Amino acid sequence: MNKSTLLVLALAMLVPTVALADGVTVGGDLRLRWDYAGPETSDSSNSSAAVTNIDIGAAINDNVSFSATWRHGMIFGEAVGTGPGSAAPAMRVQEAYASVGDLGSASGMLAGWSLDVGRMNNPDGGRIINSDDWGHAAPASNDGYHLASDMGGIGIGVWYFGGGSSPAGAADSMLGAAFDLGDMAGGFADIDVAYWSASAAADTSNVGININNIASENLAGVDLDVTYATRDNDTADDGTLTGISLGYAMEGFDLSFSNTVADADWDAFSAAAHGTNGIADMNVGSGVGAAAGADVDNTTIGASFSPMDGVTASVDFITLAQDSTGDDIGTEVDVVLGWECGSDVHMTIGYASFSADDASALQDCDYFYLQTGWAF
């Protein structure tokens with residue numbers, strides 16, 4: 001076989017690869033952070049950590065696509081391959097799923113429904129379920145599917161997760177349904193309702209309702225939001241979570257007030273996101289829901305503003321108490337500055353000072369972090 005024939009065959013073999021690569025996109029981000037924690041009577045600690053995310057997307061055709069994220073999280077000085085603070089691998093497939101934009105091509109009855117199948121990050125469900133990306137270990141993700149539709153102005157999402165990284169501990173599977181009522185509220189507010197349940201030795205479920213931007217057009221710039229959620233703990237007492245927040249926006253300056261109460265029996269499918277009860281992450285709470293912030297009454301007064309062009313700042317004063325007894329836990333002051341360094345680099349500095357109440361088992365603590373991130 002002469003060289004010309006070989007060249008033609010080689011080029012013919014490359015054609016399918018080039019055609020497939022035509023719809024492929026590659027991106028990602030790199031985050032570096034140094035943090036320090038100085039408790040009053042215990043040894044201080046500091047660490048340097050890095051997270052790299054590599055994102056790949058591929059358009060198979062006009063209706064089918066594929067997305068994947070590879071994540072590497074590490075703390076400098078930690079043994080290679082052990083992952084931050086756990087036995088999980090430092091490198092892992094964070095997400096990998098196929099998407100069908102419209103199932104109507106398969107069946108007319110499914111027109112208007114989309115489908116995602118594979119490993120996905122937990123949906124953003126606030127204090128019930130989330131995929132907090134603050135830590136260097138992998139955010140919560142699961143293997144399963146997600147159906148979505150917008151029917152008559154109502155947004156509908158259905159999730160089913162099983163196996164993989166279950167956020168419900170010993171759960172065998174998890175089912176969720178969320179409804180964004182959209183125009184049904186008649187412009188009075190933005191209302192969404194969600195239900196999550198787990199199938200395990202003890203069947204548990206959460207129901208949450210968020211009513212946001214209540215009568216915003218008639219409150220002279222005041223933003224009023226209300227949250228109410230319940231937890232069916234099967235064989236134990238049920239738990240509740242209630243929250244109310246007020247915001248007032250002025251030119252270049254926003255004020256906020258919020259009060260959130262999680263009773264002693266509250267629990268969730270994912271631990272509360274970083275900063276829920278202050279950025280020092282004291283993990284106040286008791287019982288099975290400690291990591292989720294159970295038995296905590298949180299009152300926060302805050303302000304956010306831009307001290308100069310391209311710079312944002314926020315200051316929060318937080319008062320924490322134990323809901324079941326009314327005993328004070330402590331107070332915390334958080335200050336966070338952020339600024340853009342060009343189009344793809346962001347810097348953040350955060351400082352927190354936690355002052356424990358005399359009767360609290362916690363201790364005073366100062367916390368500081370410096371973080372920079374690059375998008376590529």
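Over the range 291-362, Cα pairs under 8 Å with separation of 6+ residues give a relative contact order of 25 percent. Taking a ≥ b ≥ c as the square roots of the eigenvalues of the Cα gyration tensor, the range 240-376 is classed as prolate, since a/c reaches at least 1.5 and a/b is larger than b/c. Keeping the other protein chains in place, figure out the carbon and sulfur percent of the accessible area of the range 90-164, with a 1.4 Å probe. With neighbouring chains kept in place, the figure for the range 90-164 is 60 percent.
Got a sec? Charge dipole of the range 297-338, +1 on Cβ for Lys and Arg, -1 for Asp and Glu; which of Gly302, Ile318, Gly330 is way out at the positive end? Of Gly302, Ile318, Gly330, it is Gly302. Ligands, DNA and RNA are left out, and with a 1.4 angstrom probe the accessible area of the range 285-376 is 49 Å² per residue. Distance between the pseudo-spin-label points of Ala359 and Trp374 (7 Å out from Cα toward the beta carbon): 5.2 nm. Only protein atoms count toward the accessible area here, which uses a 1.4 Å probe; on the range 192-269, the carbon and sulfur part of that area reaches 54 percent.
The values are calculated or read from the model by the stated rules, or taken from the named source; none is laboratory data. These numbers come from a predicted model, not from an experiment. FYI the Cβ positions are ideal-geometry reconstructions off the backbone, even for glycines, and counts take in every protein chain you see. Ligands, DNA and RNA are excluded from the accessible area calculation, which covers all protein heavy atoms including side chains. Shrake-Rupley method; radii C 1.70, N 1.55, O 1.52, S 1.80 Å.
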